[in-house]
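Working notes for the structure below.
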Amino acid sequence: MENSNTIYDITRAIVAGFHELFGHGVHQLYSRNLPESLRLTDEIGFIITTGPVTEGFADIAEHDSYDFLKNSKKELGVSDEMLEYAILSSQNSKLRIALKLYLALLNEKAKRENFDIRSYLIDGLKLPYEFVEWYLSRDPLLKDVFEVFGHAFSGFIRSNLKKELVQEFGEQFLLQHPDIVRKAMATGVWSSKIYPKAVKYFLKKYTES
């Protein structure tokens, strides 16, 4: 979207909106009638055991924003370059989060064992020297990155859930009932291990009602 010499990029706001509103917001909506321990709240929804599930569902909504932007780019004044940047930026943010968590784990290992983290990062992983020195100067520890656990593993939860649902119900069923599938996925906050079972249960329940 352009105005005079200023270019307004609304793609990032739309991607974030899908993640927060159609992801976390919908998750809160469909979980509100469940026992308090299964509702999406700050106390329940973003701890290590449930974070990958709540962020995984929000990531699904975030991916929906890609199709929305592609189908509405003319009305929104979004160029192909802006669209490509928005999608790549969204995807790269997950990689940065995973790297942040991995480096914190390595730093913990280096503090407890005889482990040369600089040599491993620079010579082993071929990361730039400047980046390694800058990052290690911050002394990253696991206690500082707890909040990214959910984001780091959300992609795994998303792909694993889809695989299990296709195996149980068939891809054609999922395509024919997108609203029911989404509602089942957003009902309750569960651990990563229980989540696929819970979604299958509610999907059958909602289909029969």
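Elements of the type helices (runs of 4 or more DSSP H) sitting completely within segment 156-209 and holding at least 2 residues that are in contact (Cβ under 8 Å) with a residue 60 or more places away in the chain: these cover 178-185. Test Tyr129 against the criterion of being over 25 Å from Phe153 (Cα atoms), hydroxyl-bearing (Ser, Thr, Tyr), modelled with pLDDT of 85 or more and touching a helix residue (DSSP H, G or I) at 6+ places or on another chain (Cβ under 9 Å), and give yes or no. Answer is yes for this residue. Only one of the numbered conditions (1) at negative phi; (2) in contact (Cβ under 8 Å) with a residue 12 or more places away in the chain is not met by Gly77, and that is (1). Filter segment 19-41 for residues that are among the hydrophobic types (A, V, I, L, M, F, W, C) and closer than 15 Å to Ala198 by Cβ; which is surrounded by the most Cβ atoms within 10 Å (Cβ to Cβ)? Checking each candidate, the answer is Leu40.
Of everything in segment 119-150, what is of a type in the set (Asp, Glu) and in contact (Cβ under 8 Å) with a residue 24 or more places away in the chain? Give them in sequence order.
Asp139, Asp144, Glu147
Which one is surrounded by the fewest Cβ atoms within 10 Å (Cβ to Cβ) among residues in segment 184-209 that are charged (D, E, K, R) and either farther than 21 Å from Gly150 by Cβ or touching a helix residue (DSSP H, G or I) at 6+ places or on another chain (Cβ under 6 Å) (or both)? Out of the qualifying residues, it is Glu208.
The values are calculated or read from the model by the stated rules, or taken from the named source; none is laboratory data. Since the model is a prediction, treat every value here as computed from it, not as a measurement. Cβ coordinates were reconstructed from backbone atoms using ideal geometry, including for glycine residues, and neighbour counts include every protein chain displayed.
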